[in-house]
Amino acid sequence: MKRYVILISGRGSNMESLLDAGLPGECALVLSNRPAVAGLDAAARRGIATAVIDHRGFASREEFDAALAAEIERHKPDLVLLAGFMRILSDGFVRRFEGRLLNIHPSLLPLFPGVKTHAQALAAGVRLHGCSVHFVTPALDGGPIVAQAAVPVQADDDEASLGRRVLAEEHLLYPRVARWFLEGRLQLIAERVKLSGEVAVGGALHVPQVVAT
């Protein structure tokens, strides 16, 4: 059975969607860089081992990342899932887990990398917004995209309403992609995504019908 580790920084709603999806593998650890966050309690209630490595206790990003990597490796994961992990990871960390490190980002990459993506989308006036699951590389939010899901931007949307609809898609998309990896159907080869076998309806891109407003 393959093993995976989930990294969080807060409430862990994407973590919960992964844990509740019945993935074909064992969650060996939920690890947070912040103590006493809701996601740790949610994982513990499910009987999942948890740990905290507080980034504030380290003099540099590299020192924190070294401690983070050592704790992850102790659990021998096949896959590491970033689920609202609010840290920029060093190149050394990313290279150490290359090809087995996934992230979900709340935009249709390459649009709107970084933070405040819903505000960026509204300011840009786009008609579609959404989320992307990608392999992590040293380029911030720039790794090869595995799958995306889109939602229409409505005329009366604000950050909160748009964010809720995107988050609902994240909770569906991320477990699907994690399942592909754990079933051996998803690989990163020479910085290109390889996805084999049957893929659920909607494939690697889900775009709902856009209703004119």
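Given a Förster distance of 41 angstrom, what is the FRET efficiency for R56 paired with R192, based on the Cβ-Cβ distance and rounded to 0.05?
Result of the calculation: an efficiency of 0.65.
Ranked by accessible surface with a 1.4 Å probe, highest first, in what order do L111, L7 come?
Greatest to least solvent exposure: L111, L7.
About its Cα centre, what dipole magnitude does the chain give when the only charges are +1 on Lys and Arg Cβ and -1 on Asp and Glu Cβ, stated in debye to the nearest 20?
Once rounded to the nearest 20, the dipole reads 320 debye.
Most fluctuating residue of G92, G197, G163 in a GNM of the chain with Cα springs under 10 Å: which is it?
Its mean-square fluctuation being the largest, the pick is G197.
By how many nm would the segment from R45 to A67 lengthen if fully extended, with 0.36 nm per residue of separation less the alpha-carbon distance?
Extra length from R45 to A67 when fully extended: 5.4 nm.
Check L109: other-chain or 5+ apart residues with amide H under 5 Å from its amide H, H built from backbone geometry?
S132
In terms of modelled amide H atoms, which long-range or inter-chain residues lie less than 5 Å from the amide H of H129?
V151, V153
How large is the helix-only mean residue ellipticity at 222 nm for the chain, computed as the sum of -39500 (n - 2.57) over DSSP H runs with n ≥ 4, divided by its residue count, in deg cm²/dmol to the nearest 500?
The helix contribution divided over the chain gives -9500 deg cm²/dmol.
In 5 Å bins starting at zero, report the fraction of Cα pairs in the chain per bin as a rounded %.
All Cα pairs considered, the percentages come to 1, 7, 15, 19, 20, 17, 12, 6, 2, 1, 0.
Using the Cα centre of region 78-152 as the reference point, and only Cβ charges (+1 on K/R, -1 on D/E), how large is the resulting charge dipole? Debye, rounded to the nearest 20.
Computed about the Cα centre, the dipole is about 120 debye.
Separation between the A139 and V115 pseudo-spin-labels, each 7 Å from Cα along Cα→Cβ, expressed in nm?
2.3 nm
Taking 0.36 nm per residue of sequence separation and subtracting the Cα-Cα distance, how much length would be gained by fully extending the chain between L167 and R95, in nm to one decimal?
Contour length minus the Cα-Cα distance gives 23.1 nm.
Can you list residues whose amide H is under 5 Å from C27's amide H, if they're 5+ apart or on another chain and H is modeled 1.01 Å from N?
Amide H to amide H, under 5 Å and 5 or more residues apart or across chains, C27 pairs with Y4.
To the nearest 10 square angstrom, what accessible area does E159 show with a 1.4 Å probe?
It works out to around 100 Å².
For region 4-162, what % of the accessible area comes from carbon and sulfur atoms, probe 1.4 Å?
The value for region 4-162 is 52 percent carbon and sulfur by accessible area.
State in Å² the accessible area per residue of the chain; use a 1.4 Å probe, count heavy atoms of protein chains only, and round to the nearest integer.
48 Å²
The values are calculated or read from the model by the stated rules, or taken from the named source; none is laboratory data. Every value quoted in this text rests on a predicted model; they were computed, and no experiment measured them. Don't worry about glycine lacking a Cβ; one is built from the backbone with ideal geometry, like all the others, and counts go over all protein chains shown. Each accessible area value is taken on the protein alone, full model and side chains, heavy atoms only, with ligands, DNA and RNA left out. Shrake-Rupley method; radii C 1.70, N 1.55, O 1.52, S 1.80 Å.
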